[in-house]
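The values are calculated or read from the model by the stated rules, or taken from the named source; none is laboratory data. Just so it is clear, the structure is predicted and the values come from calculations on it, not from any experiment. Counting neighbours? That spans all protein chains shown, and the Cβs are built from the backbone with ideal geometry, glycine included. Note: accessible area is taken over every heavy atom of the protein model, side chains too, but ligands, DNA and RNA are not part of it. Shrake-Rupley method; radii C 1.70, N 1.55, O 1.52, S 1.80 Å.
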Number of protein chains: 2
Amino acid sequence: MNPPEATLYWEDFVPGAVDEIGRYTFTQEEIIAFATQFDPQPFHTDPEASRGTFYGGLIASGWHTCAIGMRLMVQAYIGRAASAGSPGVENIRWLGPVRPGDTITYRRVILESRPSGSRPEIGLVRSRSEALNQRGEMVMTMEGWGLFRRRPAAD
Amino acid sequence: MNPPEATLYWEDFVPGAVDEIGRYTFTQEEIIAFATQFDPQPFHTDPEASRGTFYGGLIASGWHTCAIGMRLMVQAYIGRAASAGSPGVENIRWLGPVRPGDTITYRRVILESRPSGSRPEIGLVRSRSEALNQRGEMVMTMEGWGLFRRRPAAD
């Protein structure tokens, strides 16, 4: 995709840049709703039963933490970028629990950047997403490549 | 967690085993609903606008494909296993589009298995998930470790 309104191109993703992408407070209702649909294990869906598990209470599905991160990335920059999708994600680490009421801050670190070898109009950007709770504890990290179109030549 | 009703333990996951986990048909309505919440890019949410993108039509968010795989795994075996969670997932590859009406078959391959070095009651299982469409084309793969309790000694 290269929307007419795109304002961010491959050249705008500079290795070393660290940016806050957004924050999100996970409610018990949303944790249960997501997990009921996609990860129906008791420690994600049942406040009572979750107390007897080794998590000691309700926690969000790790996929929920990832999905909210995706939404915040689209809202923060992918939605106005000349994005050409992503071939995948590496090394998702669920490092700590996300509990009802936790406010998670998502941060993006640009790791590396290179032009595509096969498609001259495209560049690749490798970044790490980090999710931290309100106590500054890292709860999730993941890495991945994004594809972006290169900035068109000026008129 | 070690539910009283658990019937699957670490010992039951045998390297080399290949099993179909389940099938799911993605509807346009569900593709749009998921993406509106978690991945609001036009090629995931807007049938009209998606035609002008390089995907040539609506496709499911890659996170949707993952989340449905998680649900099918819980339904097929995690829900009756002595599961102790997962530290993460590696190497998610979105290899091809999932379009409205596609029926995706999820398959699990057990890659390796070992006892925990630090927790004698736990074992680790590494598996790969593969998702194939109705034409047998691989649309997604991912790998990850699961933690399971070891089978209690017989009385």
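If I ask for residues that are within 22 Å of A:SER116 (Cβ to Cβ) and among the hydrophobic types (A, V, I, L, M, F, W, C), which ones from region A:1-46 would you list? Passing the criteria: A:MET1, A:ALA6, A:LEU8, A:TRP10, A:PHE13, A:VAL14, A:ALA17.
For every residue, the table says whether it meets (1) among the acidic types (Asp, Glu); (2) in contact (Cβ under 8 Å) with a residue 24 or more places away in the chain.
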position	(1), (2)
B:ALA6	no, yes
B:GLU11	yes, yes
B:HIS44	no, no
B:MET70	no, no
B:VAL74	no, no
B:PRO87	no, yes
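Scanning region A:74-92 for residues being surrounded by 17 or more Cβ atoms within 10 Å (Cβ to Cβ) and either basic (Lys, Arg) or in a loop (DSSP other than H, G, I, E, B) (or both) gives a total of 5. Among the criteria (1) within 21 Å of the chain's Cα centre (by Cα); (2) open to solvent by less than 60 Å² (accessible area, probe 1.4 Å), the one A:THR45 does not fulfil is (1). Here B:THR105 does not qualify as within 12 Å of the chain's Cα centre (by Cα) and crowded, with 18+ Cβ neighbours inside 10 Å. Residues of region B:54-73 that are more than 9 Å from chain A (Cβ to nearest Cβ) and surrounded by fewer than 18 Cβ atoms within 10 Å (Cβ to Cβ): B:GLY56, B:GLY57.
Every residue, every condition in (1) part of a strand (DSSP E or B); (2) modelled with pLDDT of 95 or more, yes or no:
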{"site": "B:ARG99", "(1), (2)": "no, yes"}
{"site": "B:VAL109", "(1), (2)": "yes, yes"}
{"site": "B:SER113", "(1), (2)": "yes, yes"}
{"site": "B:ARG119", "(1), (2)": "no, no"}
{"site": "B:GLY123", "(1), (2)": "yes, yes"}
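Please go through region A:1-40 and pick out each residue that is β-branched (Val, Ile, Thr), over 19 Å from the mean Cα position of the chain (by Cα) and surrounded by 12 or more Cβ atoms within 10 Å (Cβ to Cβ). If the condition is that a residue be β-branched (Val, Ile, Thr), over 19 Å from the mean Cα position of the chain (by Cα) and surrounded by 12 or more Cβ atoms within 10 Å (Cβ to Cβ), then A:ILE32, A:THR36 are the ones that fit.
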